[in-house]
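Below: one structure, written as structure tokens.
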Amino acid sequence: MKTLISKKIRVYGVVQGVGFRPFVYRLANEHKLKGWVLNTSSSVEIEVEGEEESIKRFICDLQSKFPPIARIEKIEIEDSILNNYQDFFIRESKEDLGYQLISPDIAVCEDCLKELFNPKDRRYRYPFINCTNCGPRFTIIKDIPYDRKNTTMAKFKMCDACEREYNDPLDRRFHAQPNACPICGPKLWIEGVESEDPIRETIKLLKEGFIIAIKGLGGFHLTCDATNSKVVKLLRERKKRGYKPFAVMMKDLDTVKRYCYVSSEEEKLLKSPQSPIVLLRIKSLNDISKEVAPNNNYLGIMLPYTPLHHILLREIGLPLIMTSGNISEEPICQDNKEALDRLKGIADYFLLNNRDIYSRYDDSVVFVFENKLQMIRRARGYAPSPIKLPFKIRQTLACGGELKNTFCLTKDNYAFISQHIGDLENIETLEHFVNTIELYKRLFRVEPEVIACDMHPDYLSTRYALQFEETLPIVRVQHHHAHIVSCMADNSITEPVIGIAFDGSGYGIDGNIWGGEVFIADYDSFIRKAHLEYLPMPGGELAIRKPYRLAIGYLYSIFKKVPNLSFLDKVSDKEIKVIKEQIEKGINTPLTSSVGRLFDAISSILNICNEATYEGQPAIELEMAIENINSEEYYNYKIEKDNNTYIVKIKPLLEEVLDDIGRIPRSNISVKFHNTVARIIVDLSILIRDETKISRVALSGGCFQNRILLEKSVDLLKKEKFKVYIHSDIPCNDGGISLGQAIIGGRIGS
Ligand code: ZN
Ligand code: ZN
Ligand code: FE
């Protein structure tokens, strides 16, 4: 007889709610091992007994054959005493003091889709079908361990058939916490409309040109026919949404390819379990309304990711707008009552269900640059997966910025960046921010020892942080230092970099508004080596919404007069006079070195965009004006040295732009301008490398959402033999700064 041994194994990572225990169960039986497996708050624990060889093979398979959405971070193995178990079984979950990683929500899987469209299956056209490999996770979890009783599915008692699946270790729904069927699970209805088949009714209403609020995974979508200009316009009006593009959902990849160019990398992302909105270059709008993405060369496209989407899109045969169910700037609606209340002026009908959403979760937005993912908005499918840091860090709460807010909590060497929270400008968003912080603290068992925030005194996130002033150390982090550090962490580098932070606005340590900064930076500190010259923002925030104010301000402060250009046609003489006065007397006219604002000013001077109806519109439309990106022409500028700091002066640039207006097309002026900004980056990097011998350049800040600027800067830097680091998993915009804040704040004293 062979001798038996016993081993205790602990597996850490995304190992709960992903079919890990059934996988272990099957594996143990395959290798004829006895013992048990269970979930704890921190890990999956396994005890196996059997022959040494079998246990070896078992451990090997454990690390290589795990389920598709699981992620193993660490395995601990130790000897244990023999208990002579008679079989292998799954034990009840156990709570401990630990924490574990939680799976994001996952798009419906192929196996479930087959059942969904099989008329003989008991879940035929059942919009809540899911299994251990797919479906809601993060949006329904209230606490750990991830068991049904800790989710919003607790109120649905499983029927016998579902219960059998749930308890059968060989079933693909074994311990699938959201398991449900038409008998026992959540149900759909259209508010106020009697209907046997609410999905068919919804399709009928959409075809008739109505706007429907549809409850989804992490909140509500406002949905309408993307080919019907009248309803798209109406949605814009009701949602108060200006020109910001709407996302479109299409039935399948073949459909997407009729409208957009799709690379293999983009294809992979569209079909991934995360199913984000991917920004794709438009081939032809065909029947899609121009109102969907005015003045834009890209469409934000996603494929169906819930069973409900699949049924809808397959049966309606039209591309549908799916935009967050909110009024501009407010967070996405979460529960039925809230939606009925807040969206009553926007949606004509409501397709509701009775599965509660515990945490709001917007669609993620990405694009692909040089075959690499570029995150614009990080939420569904990505959060709350942590970023792994190259070091351990104190437990820190970083409160993030004001626009596109995310916060970040750290523990050990993990940084848990929240899903996109939104613009912290109103009570609803602030509440969402506060509640989500509490949820993350609970789920990941974090008790912050330090709080980090921006230096801007008026950010609501800063004010939130300062509430804890009495009890915890507060670290106020400079906005662009946070940007650069988040880019460093996104690339897991630890050596100092030349950090290019070209951004909208961020509070500078001299009280001015920064945003065209070049630093020598590491995780602990920065030296400001260069910046764009300070220029006036007459009216402050108002100048961001009305970029002609910036245009007038820049021209007037540099030339002492404003040449007569067509962008001034719609500005009254009185307002021009007021702006000049504001500049002369310095009334409500902060100074800024922001490159984002320079883009705004140029966009207005070229009469491309004089009023921003959404953040970044002037710069985006300036980029979209470019027809031929291959031009290498550029404008002149001057770099002056002042006390060891390089200042970029733009008088020559503006002179030459004014010269070009009316002489060459705006498209050419725009490309020359983009080339110029890229050359400024390279020139400054060379000057600083000569001084410091640092040749790593990190690019961060909202300006790098501009693909043409990103491409041109990376190209030029590589030609000059720099090692270039750009963002990928973390947004280069303000959605990424919480990570930088957390690292800078958390490292102090740890
Ligand atoms: Zn599935
Ligand atoms: Zn059932
Ligand atoms: Fe920023």
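If I filter the range 607-626 down to residues being open to solvent by 10 Å² or more (accessible area, probe 1.4 Å), at pLDDT 95 or above and touching a Leu at 6+ places or on another chain (Cβ under 8 Å), which single residue comes out as farthest from D569 (Cα to Cα)?
Among those that are open to solvent by 10 Å² or more (accessible area, probe 1.4 Å), at pLDDT 95 or above and touching a Leu at 6+ places or on another chain (Cβ under 8 Å), it is E623.
Is it the case that the range 129-138 has a residue that's free of Cβ contacts under 8 Å to residues at least 60 places away in the same chain and over 32 Å from the mean Cα position of the chain (by Cα)?
The answer is no, given that none of the residues of the range 129-138 is free of Cβ contacts under 8 Å to residues at least 60 places away in the same chain and over 32 Å from the mean Cα position of the chain (by Cα).
Show the residue pairs meeting these rules: Cβ distance below 6 Å; 6+ apart or different chains; first residue within the range 693-706 and more than 16 Å from ligand 1 (Cβ to nearest atom) and assigned to a helix (DSSP H, G or I); second residue open to solvent by less than 10 Å² (accessible area, probe 1.4 Å) and among the aromatic types (F, W, Y).
C703/F502
Does the range 312-329 hold any residues that are among the hydroxyl-bearing types (S, T, Y) and within 17 Å of the chain's Cα centre (by Cα), and which are they? Spell out how you get there, then give the answer.
At the first step, the residues of the range 312-329 found to be among the hydroxyl-bearing types (S, T, Y) are 323-324, 328.
Of everything in the range 312-329, those that are among the hydroxyl-bearing types (S, T, Y) and within 17 Å of the chain's Cα centre (by Cα) turn out to be T323, S324.
Name the residues in the range 72-101 that are touching a helix residue (DSSP H, G or I) at 6+ places or on another chain (Cβ under 6 Å) and among the aliphatic types (A, V, I, L, M), would you? Reasoning before the result, please.
Within the range 72-101, the first condition is being touching a helix residue (DSSP H, G or I) at 6+ places or on another chain (Cβ under 6 Å), and the residues that meet it are 88, 90.
Answer for the range 72-101, where residues must be touching a helix residue (DSSP H, G or I) at 6+ places or on another chain (Cβ under 6 Å) and among the aliphatic types (A, V, I, L, M): just I90.
Quick check on the range 489-511. Is at least one of its residues assigned to a loop (DSSP other than H, G, I, E, B), at pLDDT 95 or above, among the small types (G, A, S) and under 21 Å from I387 (Cβ atoms)?
yes
Taking the range 194-223 on its own, how many of its residues are in a loop (DSSP other than H, G, I, E, B), open to solvent by 10 Å² or more (accessible area, probe 1.4 Å), away from ligand 1 (no atom under 16 Å from the Cβ) and in contact (Cβ under 8 Å) with a residue 40 or more places away in the chain?
Filtering the range 194-223 for residues in a loop (DSSP other than H, G, I, E, B) gives 194-197, 208-211, 216-219.
In the following step, the residues that additionally are open to solvent by 10 Å² or more (accessible area, probe 1.4 Å) were identified as 194-197, 208-210, 216-217.
The next check asks that each one be away from ligand 1 (no atom under 16 Å from the Cβ); those that pass are 194-197, 208-210, 216.
Add one more test, that the residue is in contact (Cβ under 8 Å) with a residue 40 or more places away in the chain, and what stays is 210, 216.
Qualifying residue count for the region: 2.
Within the set of pairs 6+ apart or on separate chains, which have a first residue in the range 539-555 that is more than 13 Å from V571 (Cβ to Cβ), a second that is open to solvent by 10 Å² or more (accessible area, probe 1.4 Å) and in a loop (DSSP other than H, G, I, E, B), and C-beta atoms under 6 Å apart?
From the range 539-555, the pairs are G540/N588; G540/P590; R545/A612.
Pick from the range 145-193 the residues that are among the polar types (S, T, N, Q) and not in a loop (DSSP other than H, G, I, E, B): which of them is farthest from ligand 1 (Cβ to nearest atom)?
Going residue by residue through the range 145-193, those that are among the polar types (S, T, N, Q) are 150-152, 167, 177, 179.
Then drop every residue that is not not in a loop (DSSP other than H, G, I, E, B), which leaves 150-151, 167.
Numbers: N150: 21, T151: 17, N167: 18 Å.
Across the range 145-193, the extreme among qualifying residues is N150.
Of the conditions (1) in a loop (DSSP other than H, G, I, E, B); (2) more than 16 Å from ligand 1 (Cβ to nearest atom); (3) open to solvent by 40 Å² or more (accessible area, probe 1.4 Å), R122 fails just one. Which one is it?
Only one criterion in (1) in a loop (DSSP other than H, G, I, E, B); (2) more than 16 Å from ligand 1 (Cβ to nearest atom); (3) open to solvent by 40 Å² or more (accessible area, probe 1.4 Å) is unmet by R122, namely (2).
I'm trying to understand the selection: among the residues of the range 145-158, which are open to solvent by 10 Å² or more (accessible area, probe 1.4 Å) and not polar (S, T, N, Q)?
Passing the criteria: Y146, D147, R148, K149, A154, K155, F156, K157, M158.
Just to be sure before I move on: is K142 among the charged types (D, E, K, R), more than 16 Å from ligand 1 (Cβ to nearest atom) and free of Cβ contacts under 8 Å to residues at least 60 places away in the same chain in the structure I sent? Don't jump to the end; show me each part of the working.
Numbers: among the charged types (D, E, K, R): yes; more than 16 Å from ligand 1 (Cβ to nearest atom): yes; free of Cβ contacts under 8 Å to residues at least 60 places away in the same chain: no.
Considered against the rule, which asks whether it is among the charged types (D, E, K, R), more than 16 Å from ligand 1 (Cβ to nearest atom) and free of Cβ contacts under 8 Å to residues at least 60 places away in the same chain, K142 comes out as no.
If you go through the range 128-144, how many residues are away from ligand 2 (no atom under 14 Å from the Cβ), open to solvent by less than 40 Å² (accessible area, probe 1.4 Å) and either in contact with a Pro (Cβ under 6 Å, 6 or more places away or on another chain) or not in a helix (DSSP H, G or I) (or both)? I'd like the intermediate steps shown before the answer.
Of all residues in the range 128-144, those away from ligand 2 (no atom under 14 Å from the Cβ) come to 132-144.
Restricting the remaining residues to those that are open to solvent by less than 40 Å² (accessible area, probe 1.4 Å) gives 132, 134-141, 144.
With either in contact with a Pro (Cβ under 6 Å, 6 or more places away or on another chain) or not in a helix (DSSP H, G or I) (or both) added as a condition, the list becomes 132, 134-138, 141, 144.
Matching residues across the range 128-144 total 8.
Looking at the range 724-742, which of its residues are away from ligand 3 (no atom under 12 Å from the Cβ) and hydroxyl-bearing (S, T, Y)?
Within the range 724-742, Y725, S728 meet the criteria.
Could you list, ordered by first residue, the pairs with Cβ atoms under 8 Å in which the first is in the range 238-262 and of a type in the set (G, A, S) and the second is not in a strand (DSSP E or B), at least 6 apart or interchain?
G242/R236; G242/S328; G242/T613; G242/Y614; G242/Q617; A247/D363
Quick check on the range 139-168: of everything there that is within 24 Å of G218 (Cβ to Cβ) and acidic (D, E), which residue is farthest from the chain's Cα centre (by Cα)?
D147
Count, please, the residues in the range 420-477 that happen to be part of a strand (DSSP E or B) and not small (G, A, S). Before you say what the answer is, go through the steps one by one.
To start, the set of residues in the range 420-477 that are part of a strand (DSSP E or B) comprises 422, 450-454, 474-477.
Restricting the remaining residues to those that are not small (G, A, S) gives 450-451, 453-454, 474-477.
Total satisfying the criteria: 8.
Under the condition of being open to solvent by 30 Å² or more (accessible area, probe 1.4 Å) and farther than 18 Å from L38 by Cα, which residue from the range 162-171 is farthest from ligand 2 (Cβ to nearest atom)?
Step by step, filter the range 162-171, then rank; the result is R164.
So which residues in the range 4-16 are farther than 21 Å from A415 by Cβ and open to solvent by less than 20 Å² (accessible area, probe 1.4 Å)? Please lay out each step first, then the result.
Looking only at the range 4-16, we keep the residues that are farther than 21 Å from A415 by Cβ, and these are 4-11.
The answer is S6, I9, V11.
Show the residue pairs that are 6+ apart or on different chains and have beta-carbon atoms under 7 Å apart, the first residue being within the range 677-691 and open to solvent by 10 Å² or more (accessible area, probe 1.4 Å), the second being of a type in the set (S, T, N, Q).
R689/S695
The values are calculated or read from the model by the stated rules, or taken from the named source; none is laboratory data. Keep in mind it's a predicted model, so treat the numbers as computed, not measured. Glycine gets a Cβ as well: all are built from the backbone with ideal geometry, and neighbour counts include every protein chain shown. To get the accessible areas, we keep the full protein, side chains included, count just its heavy atoms, and leave off ligands, DNA and RNA. Shrake-Rupley method; radii C 1.70, N 1.55, O 1.52, S 1.80 Å.
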